[in-house]
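Here, each number is a calculation from the coordinates, and none is a lab measurement. Computed from a predicted structure; not experimentally measured. Heads up, the Cβs are rebuilt from the backbone with ideal geometry, glycines too, and the neighbour counts pull from every protein chain shown.
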Amino acid sequence: MAEQTFDIVILGGGSGGYATALRASELGFTVGMIEKDKVGGTCLHRGCIPTKALLHAAEVADYSRESSHFGVNTTFNGVDITAVTAYREGIVAKKYKGLQSLVKARGVTTIIGDGKVTGPTSVKVGEDTITGKHLVLATGSYSRSLPGLELGGRVITSEQALTLDFIPKKVAVLGGGVIGVEFASVWKSFGADVTIIEGLAHLVPNEEEVISKALERAFRKRGIGYKLGIRFQSVTQDDHGVVVTLENGETVEAELLLVAVGRGPATANLGFEENGISVDRGFVVTNERLATSAPNTYAIGDIVFGLQLAHRSFQQGIFVAEEIAGLNPVVIDDVNIPKITYCEPEIASVGLTEAKAVEKFGADKVSSYDYSLAGNAKSEIINTSGSIKVVRVKDGPIVGVHGIGSRVGELIGEAQLVVNWEAYPEDIAPLIHAHPTQNEALGEAFLALAGKPLHA
Ligand code: FAD
């Protein structure tokens with residue numbers, strides 16, 4: 001039974017945990033980071049990175065099929081999932097090695113084991129007690145299911161979907177949010193017959209309606225099926241497949257059912273409430289400075305209600321390290337965090353939707369401009385269409401940017417600066433956007449909002 005003490009103890013070594021550790025060690029703190037599996041967490045091993053490897057393979061498959069459009073002769077001979085797996089695993093392994101070296105180089109002590117909070121800023125790992133002057137909770141999230149829907153067998157989550165050693169011929173996806181549409185897109189490119197079932201009226205229901213509808217059109221064109229505004233009633237499975245029965249009695253038959261109905265906070269049985277850390281519907285309660293109800297204890301990442309994104313976790317990790325150091329970092333506002341839905345076509349957004357802006361400022365105070373990416377030279381060259389919608393307060397700043405189109409996510413950096421700095425279209429319209437780029441679409445939208453449209 002050993003006792004270890006640090007300035008900061010971190011429970012969970014995923015995006016949030018390791019970002020805290022890296023920044024805290026830079027600031028001169030001693031750091032003990034407890035991780036029960038692999039440093040890097042969901043994002044590196046089961047989320048962002050491996051799914052993007054699959055999406056890239058999917059994109060290559062699509063280009064290979066369509067290469068004659070560009071005047072290039074190739075023969076598409078299908079997708080070798082064993083080779084795709086090797087490619088995916090190779091990328092994760094390389095990044096994991098890099099991260100381990102970085103964590104070590106910064107002098108962070110990584111403690112591998114399952115931790116449980118046992119006292120104020122104290123965590124038990126096996127027989128050992130690890131105590132910090134400060135404790136940061138960063139235990140992440142898990143794939144949720146729905147009442148009456150048991151996971152297992154042919155009813156899978158994103159974790160099993162990632163590591164399938166075959167391409168399903170026919171697959172059903174329950175949930176048309178970010179994870180659901182991402183896998184639907186990959187599987188379709190790999191040759192599967194895909195049907196998405198979404199209880200709300202649109203795919204990606206948290207996005208601008210115009211964007212959701214554009215995705216629906218694009219998916220229809222790609223042959224991805226979807227059933228909207230309908231809930232599942234029951235699921236049965238046998239050796240051959242699953243049958244999903246919907247509330248109207250309709251059935252969807254498939255080889256597999258991916259359940260992608262959101263992620264719940266991983267906070268159960270970790271000693272949180274017993275030690276004065278308040279939890280509400282599973283999420284750790286924090287103030288805007290990410291302090292919990294227990295002294296010197298903070299929570300970050302997916303266990304804190306709000307956007308469950310790796311870059312939010314990174315920023316919250318940096319925030320907490322600086323907060324402990326007394327540097328008074330700027331409070332993080334979820335509204336201004338960029339979001340990307342990675343599928344084909346991609347979706348990216350930051351700030352308020354038009355409806356939210358109207359709610360906040362009043363209908364007469366909001367205007368928007370929707371610029372078609374199809375008018376843009378580079379987009380035509382790379383064979384894509386899509387749009388960028390910019391929302392502004394009338395005679396005021398830009399408060400939201402929403403886009404759809406191949407690789408539109410690469411535009412979100414500029415959009416994020418504009419929204420976070422509350423830029424006025426009149427001030428940024430003179431900024432020159434290189435031609436031909438997709439990024440010009442943003443410039444064109446700013447010009448139009450400033451009352452001097454160019455190509456529109
Ligand atoms: P995690 O990364 O989950 O880390 C938590 C860590 O805590 C884990 O390593 C876990 O093992 C450890 N842990 C838990 N309990 C204990 C314990 N008792 N003792 C010790 N260790 C413990 N986000 C994006 O921004 N972009 C994307 O493209 C993206 N794609 C995604 C795709 C999928 C399929 C999924 C599932 C998620 C995706 N996400 C994406 C979300 C992103 O992965 C999460 O928001 C992010 O990982 C959350 O970071 P975290 O530190 O809160 O938790």
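What to note about this one:
- Taking the Cα centre of region 345-450 as reference, the dipole from Cβ charges on Lys and Arg (+1) and Asp and Glu (-1) amounts to some 180 debye.
- Looking at region 155-261 alone, DSSP beta bridges between its own residues are antiparallel in about 40 percent of cases.
- Scanning the chain for DSSP H helices at least 27 Å long along the axis (C-alpha atoms) with a Kyte-Doolittle mean no lower than -1.0 picks out 81-105.
- Computed over Cα pairs, the Kirkwood radius of the chain leads via Stokes-Einstein (1.567 mPa s, 4 °C) to a diffusion coefficient of 55 µm² per second.
- For region 345-450, the equivalent ellipsoid derived from the alpha-carbon gyration tensor has semi-axes of 23, 14, 11 Å in decreasing order.
- Computed over the chain, relative contact order equals 14 percent, with contacts defined as Cα pairs under 8 Å that lie 6+ residues apart.
- Helical runs assigned H by DSSP (4 residues or longer) give the chain a calculated mean residue ellipticity at 222 nm of -9500 deg cm²/dmol, each run adding -39500 (n - 2.57) before division by the residue total.
- Taking the fewest neighbouring Cβ atoms within 10 Å as the starting point, the ordered list for Glu208, Glu422 is Glu422, Glu208.
- Spin-label pair Leu307/Val330, simplified geometry with 7 Å Cα→Cβ offset, distance in nm: 1.4
- You can think of it this way: the chain between Arg106 and Arg281 has 59.4 nm of extra reach, that is 0.36 nm per residue less the Cα-Cα gap.
- A cysteine counts as unpartnered when no other cysteine's C-beta lies under 4.7 Å of its own; in the chain this applies to Cys343.
- With the simple model of a label 7 Å out from the Cα in the direction of the Cβ, Asp37 to Ser67 spans 3.7 nm.
- Sites Tyr96 and Ala2 - FRET efficiency at Förster radius 35 Å, r taken between beta-carbons, to 0.05: 0.85
- Counting only Cβ charges, +1 for Lys and Arg and -1 for Asp and Glu, the dipole size of region 119-205 around its Cα centre is about 120 debye.
- Computed as a quarter of the hull surface, the mean projected area of the alpha carbon convex hull for region 155-261 stands at 6.2 nm².
- Per-pair calculated FRET efficiency, R0 = 45 Å: Ala363 and Arg231 via Cβ, rounded to 0.05: 0.90
- FRET efficiency, Glu26 to Phe76 (Cβ-Cβ, R0 41 Å, nearest 0.05): 0.30
- Peptide packing for 362-368, 320-326, 424-430 was compared via the average number of neighbouring C-beta atoms within 10 Å per residue; ordered from the highest value, the list is 320-326, 424-430, 362-368.
- Available extension along the chain between Ala83 and Thr163 is 27.6 nm, counting 0.36 nm per residue and deducting the alpha carbon span.
- Of the beta bridges in the chain, as assigned by DSSP with both residues counted there, near 60 percent are antiparallel.
- Residue order, fewest to most beta carbons within 10 Å, for Cys48, Cys343, Cys43: Cys48, Cys43, Cys343
- Each label point was placed 7 Å from the Cα along the Cα-to-Cβ direction; for Leu151 and Leu431 their separation is 4.1 nm.
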